[in-house]
Structure formats: structure tokens, C-alpha cells
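Student: Below are the C-alpha cells for one structure; questions will follow.
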Amino acid sequence: MMSEQKSLSPEAQKWLDGQVIFLNKPIGWTSFDLVRKVRYRIRNRFGIKKIKVGHAGTLDPLATGMMIICTGKSTKKLVNYQDLGKEYVAGIRFGTTTPSFDLETEIDANFSTDQITKESLEQVLYEMVGPQMQVPPLFSAKKIAGRRAYDIAREGNTVEIKSQAIEIYSLELLSYDLPDIEIRVSCSKGTYIRSLARDLGLALNSGAHLISLSRTAIGPHTLDTALDVEDLDNYIK
């Protein structure tokens, strides 16, 4: 390893010493897809045989938006980013539910939306702000007895997932066009926006699931500062 390190250019060495990249994750990509992309590009560009690359906060494949990627020694800083609050813009559809609480799975039930008004929705949004216990989706990366919950769910099995403490800092209604709405959510780490959609449906005596999600900020780091994947090669060069 030492001989490899000595032969590296200063540009290559800086990636081993540690870099932080803000990226806009495309829809359909997993968080690990993005990590693998960054690792491959760095190794391919600079001839580095081994480099640590990690991310601060998972995004579902159907979500887009801000991800923080750290390389080399900067991976030790990941926990600092993971602990930061998050901001999302979420599209939610009332009147139908899915097992995954989003579009990954098919609709499994239908509900009335006649009782929902803009005023009742805004009241529920107001009441949901603050510290609370939230049950994560079964289709999630939570570990149960050493296995990912989504692996168990995709086998057709169900298990009990314990609720966890989260905090919703703010909820803002951006658009209202039933059965669809769009909201801005500011929340603590560990918050599942899919579970928030489910809880909104229940609170309004209906059902609901997530139809779109974009993470717009992690702490003070906003999406408008993030690189698109298409610009990654030029950035690394």
C-alpha cells in the first residue's frame, strides 16, 4: 500500500486524505449505487486500488435529492452529517395505500377522501409538528434480527417493527389538489417520510401513500449546491 501511496499524484492523494461531495441522487438509483459510482470513478481516474467511500443518510430508490458522499479519511466525519436535520418536499396521494407506503408496491386498499378539506389537513399538519414516536415502514433498511426489513417484506412475511423517537420541526402545505398534496417537511434524522404519509392518511380517516420525494437539504447544505451525477466526472477530474 505504501508503494502505491508514494506513486500517487497530489490530485489522487487528496481523495485519500478526504473529500466531501454533495450530490443530487437521480430517481431509480439506490444510495449504494451512488457510492459505487463515486468509488469507481475515483479509482478509474487515478489508479487507486482501494479507497473508502460512504454516504450520510440513505435515500430510497424512488426518492431524489441531496446526498453527502465522503471519501478517504473524511468518512470519519459521516456521523456529523448523519446527525443533522433533513428537509424534504413530498408528494402524497390520499385515498389509496400500498404495503411499502410509496409507489414501490401496488395499491392494496382504497379509502374515501370526501371528509378531507384543506382546513382539516392544515390542522393535522399543525398537530403533527413536534417530538413523537414513529413506526418505520416494513419496506425499509431497518435491521430485524440481523436482516433488512425490506428483505423480509419482499418474501411476503411481516414482523413487528418498534417505533422510534423522531421530531418534526415544521410542516408546510405547498399545494392542495385532492387526492394529491405536496408538503415541505423539516425533521430530525431517522424520520421516514413514507411513514409520515401513512400517518397523515390515518389522521384524516383515510389512507395515503408517498408518490414523490426529494431531499432538499441536510443541515445547512442545500440541494442547489449539489452536483448532478452527469457532472461528477468533470468534478473528479
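Bear in mind that the values in this text are calculations on the coordinates, not laboratory data. Note that this is a predicted model, so its numbers are computed, not measured. Ideal geometry is used to build each Cβ from the backbone, glycine not excepted, and the neighbour counts take in all protein chains shown.
Student: For the stretch 217-225, just list the computed ³J(HN,Hα) in residue order, Karplus coefficients 6.51, -1.76 and 1.60, θ = phi - 60°, integers in Hz, with x standing in for Gly and Pro.
Tutor: 6, 10, x, x, 8, 9, 4, 5, 9
Student: Could I ask something else about it? Please work out which option in (1) 69, 37, 29; (2) 49, 43, 42; (3) 45, 43, 37 gives Cα extents along the principal axes in Å calculated from these coordinates, and answer with its label.
Tutor: (1)
Student: Compare the peptides 65-71, 20-26 by average per-residue count of other Cβ atoms within 10 angstrom and give them in order, highest first.
Tutor: Ranked from most to least packed, the peptides come out as 65-71, 20-26.
Student: Same structure again: Using mean Cβ contacts within 10 Å as the protection proxy, how do 34-40, 86-92, 114-120, 76-82 order, highest first? Please report the intermediate quantities before stating the final value.
Tutor: On the way: 34-40: 18.0, 86-92: 21.3, 114-120: 12.4, 76-82: 14.7.
Sorting 34-40, 86-92, 114-120, 76-82 by mean packing, highest first, produces 86-92, 34-40, 76-82, 114-120.
Student: Moving to a separate point now. What does the net charge come to around residue 73 if you take all other residues with beta carbon closer than 14 Å to its beta carbon, with K and R at +1 and D and E at -1?
Tutor: Working: positive: 14, 50, 52, 76, 77; negative: 17.
Neighbour charge sum, excluding residue 73 itself: +4.
Student: Give me the number: length gained by fully extending residue 172 to residue 221, i.e. 0.36 nm times residue separation minus the C-alpha to C-alpha distance, one decimal in nm.
Tutor: Details: separation 49, 0.36 × 49 = 17.64 nm, distance 1.96 nm.
Stretched fully, the residue 172-residue 221 segment lengthens by 15.7 nm.
Student: Just subtract the alpha-carbon distance of residue 165 and residue 17 from 0.36 nm times their residue separation and send over the number in nm, one decimal.
Tutor: Numbers: separation 148, 0.36 × 148 = 53.28 nm, distance 3.54 nm.
Working it through step by step, the gained length comes to 49.7 nm.
Student: Helix by helix, which DSSP H runs in the chain go 27 Å or more along their axis at the Cα atoms and have an average Kyte-Doolittle hydropathy of 0.5 or more?
Tutor: Numbers: long enough: none.
Sorted by number, there is nothing, because no helix extends far enough and scores high enough.
Student: Please list, ordered by chain and number, the residues whose modelled amide H lies under 5 Å from the amide H of residue 65; skip anything fewer than 5 residues away on the same chain.
Tutor: Here 25, 215 satisfy the definition.
Student: Same structure, new question: Calculated FRET efficiency, residue 110 and residue 33, Cβ-Cβ r, R0 30 Å, to nearest 0.05? Intermediate results must be reported in sequence, preceding the final value.
Tutor: Working: r = 34 Å, r/R0 = 1.12.
Computed FRET efficiency for residue 110 and residue 33 comes out at 0.35.
Student: Now a separate question. How high is the FRET efficiency from residue 129 to residue 49, r the C-beta distance, R0 30 Å, rounded to 0.05? All intermediate terms of the calculation are to be shown ahead of the outcome.
Tutor: Values: r = 49 Å, r/R0 = 1.64.
Efficiency for this residue pair is about 0.05.
Student: I need to check one value: relative contact order of the chain, counting alpha carbon pairs closer than 8 Å and at least 6 residues apart, in percent.
Tutor: Working: 467 pairs, mean separation 63.7, N = 237.
Once divided by the residue count of the chain, the mean separation gives 27 percent.
Student: Work out, step by step, the length gained on full extension between residue 184 and residue 84: first 0.36 nm times the residue separation, then minus their alpha carbon distance; give nm to one decimal. Don't skip to the end; give the middle numbers.
Tutor: Working: separation 100, 0.36 × 100 = 36.00 nm, distance 1.69 nm.
Extra length from residue 184 to residue 84 when fully extended: 34.3 nm.
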